[in-house]
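As structure tokens, the structure follows; a few thoughts come after it.
The numbers here are math on the coordinates, done by the rules we state, and not lab data. Not measured: the values here are computed from a predicted model. Backbone-built Cβ (ideal geometry, glycine too); neighbour counts: all protein chains shown.
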Ligand code: NDP
């Protein structure tokens, strides 16, 4: 058991929830956040929260006031921060639809940037920062300009902060999953399958064919890597962007 306190943003479902569950199992205490009321309620019913290992807080990363309010609250001494929360919206350069660039950049990049800056004084030395980027933080995909810009940006921030904070013993790493089985990827996959006029299952097989593991990563596999990067055993690793599987050359 350890009693270190870690913040996980976007912990109501998917990757963030699994990261929080893993860390709680390892004895960390958690601050966990979500944005929507229903998500906050679901999080309050999670075992690790009910059992006193997690405190639930509202946080809207697209809203600076919300970030300031959270950071000004009773945060406590943090061992680590996992910047996990994110959204994915697609829009091609030639589309006439309303642009969502600011919303995606605000939530996925500016939000974590401001939050981490404001919380830095609470982070212990040594300490840990883990940013959940994406394979799309290393590679472009048609129609994903906003999402890619946010995730490339998060890797850039990771590398800068690693250099700034290394001498204080704070490591900063980015985790770059490819496809992971969550609500976000299911919505995406269904939309892409529909656009190609194929069944979702067939589309899934097509996406998986070039992957080394021939399947999506599970949330548990992402959470395992985060757990390692959060642990004391990872003290010599910083400024890296950890790609989990190769998904190059997809449209
Ligand atoms: P989900 O959509 O399943 O969950 C997203 C989480 O982020 C939810 O807890 C949600 O809370 C929270 N969130 C969304 N908008 C905001 C906001 N404005 N402020 C605060 N919290 C917010 O996503 P995943 O679990 O799939 O993704 C988690 C992270 O992993 C994201 O950063 C994503 O980009 C990244 N990723 C995902 C991949 C995948 O294939 N799934 C692949 C590579 C990276 P609420 O319910 O309250 O909105």
Return the calculated 222 nm mean residue ellipticity for the chain, to the nearest 500 deg cm²/dmol, obtained by summing -39500 (n - 2.57) across DSSP H runs with n ≥ 4 and dividing by the residue count.
-12000 deg cm²/dmol
Rounded if a/c is under 1.5, else prolate if a/b is larger than b/c, else oblate: which is segment 1-104, with a ≥ b ≥ c the root eigenvalues of its Cα gyration tensor?
prolate
What's the angle, to the nearest 10 degrees (0 to 90), between helix 14-25's Cα axis and the longest principal axis of the chain?
30
GNM on the chain, Cα springs under 10 Å; top mean-square fluctuation among 221, 94, 190 goes to 94
Calculate the FRET efficiency for residue 212 and residue 37 from the Cβ-Cβ distance with a Förster distance of 45 Å, rounded to the nearest 0.05.
0.65
Specify the residue with the greatest mean-square fluctuation among 50, 32, 180, computed from a Gaussian network of the chain linking alpha-carbon atoms under 10 Å apart.
50
Nearest 10 degrees, 0 to 90: what angle lies between the long axis of helix 183-196 and the longest principal axis of the chain (Cα atoms)?
10
For the chain, set up a GNM with springs between Cα atoms under 10 Å and report which of 86, 239, 52 has the largest fluctuation.
52
Segment 28-43 residues near the modelled residue 184 label - backbone nitrogen below 20 Å, point 7 Å along Cα→Cβ
31-43
Helix 219-230: angle to the longest alpha-carbon principal axis of the chain, degrees 0 to 90, nearest 10?
40
Sort 76-83, 201-208, 19-26 by the packing proxy (mean of other Cβ within 10 Å over each peptide's residues), most packed first.
19-26, 76-83, 201-208
Go ahead and run the numbers for FRET between residue 235 and residue 99, Cβ-Cβ distance against an R0 of 41 Å, rounding to 0.05.
0.45
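What full-extension length gain, to one decimal in nm, is calculated for residue 194 and residue 160 as 0.36 nm per residue of separation minus the Cα-Cα distance?
Separation in residues times 0.36 nm, less the Cα-Cα distance, equals 8.3 nm.
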The rounded separation in angstrom of the Cα centers of segment 52-70 and segment 195-227 is 31
What percent does the relative contact order of the chain come to when contacts are Cα pairs within less than 8 Å and at least six residues apart?
19
For the chain, just list the percent of Cα-Cα distances falling in each 5 Å bin from zero outward, please.
1, 6, 13, 18, 20, 17, 12, 7, 4, 1, 0
